[in-house]
Each structure stands twice: as structure tokens, then as C-alpha cells.
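Take a look at the structure set out below.
A short reminder: the numbers here are calculations on the coordinates, not readings from a lab. Small disclaimer: the values here were computed from a predicted structure and weren't measured. Because the Cβ atoms are built from the backbone with ideal geometry, glycine has one as well, and the counts that use them run over all protein chains shown.
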Amino acid sequence: MYPELMIIPMREELVRAGINETRTAEDVDAALAQPGTTLLVVNSICGCAAGKMRPGVRLALANSANLPDHKITVFAGQDMEATAKARGYFEGNPPSSPAVAILRDGKLVYLMQRYVIEQATAQQIAGELVRAFDEFCAKATA
């Protein structure tokens, strides 16, 4: 684990974007028990991938007409139980830090893993997330 002081800016970057921190396994379960769509961001200290993922997520949230109903984050390597619980919802996918998931009614419908994030720019990550929001978070019209 890293000293908390060292990761505060990385936590705050997502919190300022309107994403709620879930720091315990109970927080994760409670958040994912809510009906609707939930963006779940596995934050990480990794500069190469997380340093592009966080801005990409912020850009997507600022530029999408179809936002998830709820937005939460866990911090890998820091909030161990919360991160393990969050990854438990990723249905057979290997652990990935960072990662960005969309769940509908607690069920995984989309997962962007580290290997995708590493090969993309923040703008490409944002574009892909906007596409995923449009596909999985759009509200049904009557």
C-alpha cells in the first residue's frame, strides 16, 4: 500500500468528476444493489495506464448525453476489500487495474481492461466510453 497522502490527488480527480468512492466491500455491494446502470472505475496508482484512464473517464462524463445512473470507484492496492468485491462482479474476467466497467442492476454489461487502456489516449478512452454509455446507459423512450 502507498501512503494515503500520495494518492489523494488520484482519488480526488475522480471524486471531482462526480464519482463516489466506495472504500469497503459493504459500500460496493450497497452501490451495486441500486437499480439502473452503474459506472464502476477501478482506480490505480499506475501512471502509464491510470494517468490516461482518469482523464478519459472525466472527458466521457462531460461529453455524453447518456450517463450512468450511478458512478462509483474503488482504489486498487489501497482499498483492498472494496476492490476485491468490485472485481467479484466482473464475472470470470481477470483482475485489471485500472479498469472501467458498466453494470446494469448489478450485472456486468461492459468492461474496459488495462490492456485496452494502455494502448489508448485519454481521448480514445473517452470516445469508447461515450459509445458504451450510448449503448448501455441510454434511457428507454416510450
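Give me the net charge of TYR115's neighbourhood, meaning all other residues with Cβ under 14 Å from the Cβ of TYR115; Lys, Arg count +1, Asp, Glu -1. Walk me through the numbers before you get to the answer.
On the way: positive: LYS52, ARG114; negative: GLU118, GLU128.
Net of charged neighbours comes to 0.
Report the charge-dipole magnitude of the chain in Debye, nearest 20, computed about the Cα centre from +1 at each Lys and Arg Cβ and -1 at each Asp and Glu Cβ. List each step's numbers first, then the result.
Working: 14 positive and 16 negative charges, 63 e Å.
Charge dipole of the chain: 300 debye, to the nearest 20.
Give me the net charge for the shell around VAL28: Cβ to Cβ below 11 angstrom, other residues only, Lys and Arg +1, Asp and Glu -1.
Numbers: positive: ARG23, LYS85, ARG87; negative: GLU21, GLU26, ASP27, ASP29, ASP79, GLU81.
Neighbour charge sum, excluding VAL28 itself: -3.
Grab the other residues whose beta carbon is less than 12 angstrom from that of GLU135, score K and R as +1, D and E as -1, and report the net.
Details: positive: ARG104, ARG131; negative: GLU128, ASP134.
Here the count lands on 0.
Do any trypsin sites (Lys or Arg not before Pro) in segment 53-142 lie in a DSSP loop with no more than 14 other beta carbon atoms within 10 Å, and if so, which?
Working: sites: ARG58, LYS71, LYS85, ARG87, ARG104, LYS107, ARG114, ARG131, LYS139; in loops: LYS139.
Passing both the DSSP loop test and the Cβ count: LYS139.
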